[in-house]
1. Of the residues in the range 1-33, how many are at pLDDT 95 or above and in contact with a helix residue (DSSP H, G or I) (Cβ under 6 Å, 6 or more places away or on another chain)?
2. Among the residues of the range 47-78 satisfying the criterion of being under 15 Å from residue 24 (Cβ atoms) and assigned to a helix (DSSP H, G or I), which is farthest from the chain's Cα centre (by Cα)?
3. Looking for whichever is farther than 15 Å from residue 82 by Cα and surrounded by 12 or more Cβ atoms within 10 Å (Cβ to Cβ) here; the options are 7, 12, 16. Which one fits?
4. Among 51, 74, 38, which is the only one that is modelled with pLDDT of 90 or more, surrounded by fewer than 15 Cβ atoms within 10 Å (Cβ to Cβ) and touching a strand residue (DSSP E or B) at 6+ places or on another chain (Cβ under 9 Å)?
5. Search the range 26-38 for residues being under 19 Å from residue 82 (Cβ atoms) and outside any helix (DSSP H, G or I), and hand back the single one that is farthest from the chain's Cα centre (by Cα).
6. Based on what the data block shows, is residue 23 closer than 19 Å to residue 84 by Cα, touching a residue at least 24 places away in the same chain (Cβ under 8 Å) and part of a loop (DSSP other than H, G, I, E, B)?
């Protein structure tokens, strides 16, 4: 039979998945909103690590605006993690890419 070995392919896929997990554990993304009024740090596994809010924003007393800025910063950080994941996957797959990503 030809060079098709399912066990070998599965072992390679498992190895690549482990490498990807290691990479994502090492990544820390920072994103901000409101011109830097709110800044968040997020791990490559999309765990929120920190939230920083400028004192002037809090002094305004506009709670809804602060909430919106936090949501925007977290969403931006999440998007950046997705981009980092796509980039890592693309490099690991030799540029083949994945459908839907």
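The values are calculated or read from the model by the stated rules, or taken from the named source; none is laboratory data. From a predicted model like this one, the values you see are computed outputs, not experimental measurements. Glycine gets a Cβ as well: all are built from the backbone with ideal geometry, and neighbour counts include every protein chain shown.
1. Here is the first cut: in the range 1-33, the ones at pLDDT 95 or above are 30-33.
Okay, now just the ones that are also in contact with a helix residue (DSSP H, G or I) (Cβ under 6 Å, 6 or more places away or on another chain), so 31-33.
Adding up the residues that qualify gives 3.
2. Only one residue fits best here, namely 77.
3. Details: 7 fails: surrounded by 12 or more Cβ atoms within 10 Å (Cβ to Cβ); 12 fails: surrounded by 12 or more Cβ atoms within 10 Å (Cβ to Cβ).
Matching residue, one of 7, 12, 16: 16.
4. Details: 74 fails: surrounded by fewer than 15 Cβ atoms within 10 Å (Cβ to Cβ); 38 fails: surrounded by fewer than 15 Cβ atoms within 10 Å (Cβ to Cβ).
One residue alone meets the criteria, 51.
5. Within the range 26-38, the match that is farthest from the chain's Cα centre (by Cα) is 33.
6. The answer is no for residue 23.
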